[in-house]
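Below: the structure, in structure tokens.
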Amino acid sequence: MLLAHRMEGVSRYIYETTKRMVLNNPDVEFHFLFDRQYDEKFIFADNVIPHVLHPQARHPLLWYLWFEHSVPRFLKKNKIDAFYSGDMWLSLKAKTPTLLVSHDLNYIHYPKGIQWSHLKFLNYYFPKYHERADHIVAVSNYSKQDIIKEYDIETDKISVAYNSSPDDFPPLTYEEKVFFKKQFTDDQEYFVYIGSMHPRKNLKRLMLAFDLYKEMSNSEDKLVLFGRLAFKNSQLFSTFNSLKCKNDIVFLNDDDCEISTALGAAQALCYISLFEGFGIPILEAFKSKVPVITSNVTSMPEVSGDAAILVDPNSEQDIANAMFSIRSNNALRSELIKKGSQRLGDFSWEISSELIFNRLKEMSKK
């Protein structure tokens, strides 16, 4: 999952936690397992030994071969004390004590957005992975309760270690905001979505809500959708083509600009996903001093606290009203920005990585 050009939620979690474990424990030897040539920036210190195991694991059959043949063989040969699986996959065959990070169970709740071959693998193996793990780390209390409910796993087997705010999302200067808008939004204010363009992210309803907002506000505002296209997007573009305001919607990705710039110049983040195990963009917006509109379901209220406007993700009117409130009420914007900055203090990569490392140490002594 550590690919320089794909540092999204799961990858970011692995990166931030492993980096701190490595740097905070120089007397411990860490073996990083890659399935292809790695970027040297992921080899954080001299106590990291990188390995490339074959085959490249980019298909269900190859996932099986990598985790059930290459990984257990490596763990046994090198007498590894504990195995940290930060991406929800593990080896059923390996005897090594294993800590599994479980980010979300979206494949159960929203299977329609997942390729058939992937979904079949997930339905068969993920319950087994959670059962096999010696300990599970969930990224939110919501995810913990979801794991308990769906897999009937005892609560003591699961700890919670949150994501935290990134270092590379500083607030933008006025000049930087003006420059971005001149480049991409015709000098107009805009709302932004950050993340993959997956059906679960609810972008169809966000666009419909934006159409409604445009009628309500009679403004020149834009909507920027920033992210990579995912599987099954025909419905997204069918909705887009039906909109009155489609000329005011801008699609961007990493090739156009930095995520932090697209977010930092916005008047608000609209993150109205139908299901999240955590929701890192909420913290990214807090760090960027940008107000947040997010969903009132799954983990998002837990992450945002009282520092965001919570909306029903199935109500276009609710979403449009929240956008109108942000646009028309500067006092509300300022209050949300202040609360967002304060909310960041509740999340720490140091605390999360220490919890994970302590669990790994406990496992290695059994």
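A short reminder: the numbers here are calculations on the coordinates, not readings from a lab. All of these numbers come straight from a predicted model, not from anything done at the bench. Reconstructed Cβ throughout: ideal geometry from the backbone, glycine too, with neighbour counts over all protein chains shown.
For the reader, a short list of remarks on this structure follows.
- Backbone geometry of the stretch 280-292 corresponds, through the Karplus equation with coefficients 6.51, -1.76 and 1.60 at θ = phi - 60°, to 3J(HN,Hα) couplings of 4, x, 4, 5, 4, 5, 4, 5, 7, 6, 10, x, 10 Hz, x marking Gly and Pro.
- Ranked list, fewest to most other Cβ atoms within 10 Å of each Cβ, for Cys245, Cys270: Cys245, Cys270
- Taking the longest Cα principal axis of the chain as reference, the axis of helix 116-132 is set at about 50 degrees.
- Sorted from longest to shortest, the spans of the Cα atoms of the stretch 174-346 along the three principal axes equal 41, 37, 33 Å.
- Cross-link partners for Lys365 among the lysines, with Cα-Cα distance under 23 Å and sequence neighbours closer than 8 places in the same chain left out: Lys19, Lys76, Lys77, Lys79, Lys93, Lys95, Lys157.
- Among the chymotrypsin sites (Phe, Trp or Tyr not before Pro) in the stretch 184-265, those placed in a DSSP loop whose Cβ has at most 14 other Cβ atoms within 10 Å are Phe231.
- The trypsin sites (Lys or Arg not before Pro) of the stretch 71-143 that DSSP puts in a loop, and whose beta carbon has at most 10 other beta carbons within 10 Å, are Lys79, Lys95.
- 3J(HN,Hα) along the stretch 342-348, derived from phi through the Karplus expression 6.51 cos²θ - 1.76 cosθ + 1.60 where θ = phi - 60°, amounts to 5, 5, 4, x, 8, 10, 8 Hz, with x in place of Gly and Pro.
- Two-decimal log10 I(q)/I(0) for the stretch 13-119, as the Debye equation yields it once each C-alpha is a single scatterer, q = 0.13, 0.18, 0.24 Å⁻¹: -0.54, -1.01, -1.50
- Percent of Cα pairs exceeding the 40 Å cut-off, where the set is the chain: 16 percent
- Taking every alpha-carbon pair under 8 Å whose residues sit at least 6 apart, the stretch 1-87 reaches a relative contact order of 26 percent.
- Axis angle, to the nearest 10 degrees, between helix 9-24 and the longest C-alpha principal axis of the chain: 50 degrees.
- Relative to the longest principal axis of the Cα atoms of the chain, the long axis of helix 174-184 makes an angle of roughly 90 degrees.
- Each residue in Val10, Val160, Val137 was given a count of other beta-carbon atoms within 10 angstrom of its own, and listing them fewest first yields Val160, Val10, Val137.
- Whole-number percent relative contact order across the chain, with pairs defined as alpha carbons under 8 Å at least 6 apart: 16 percent
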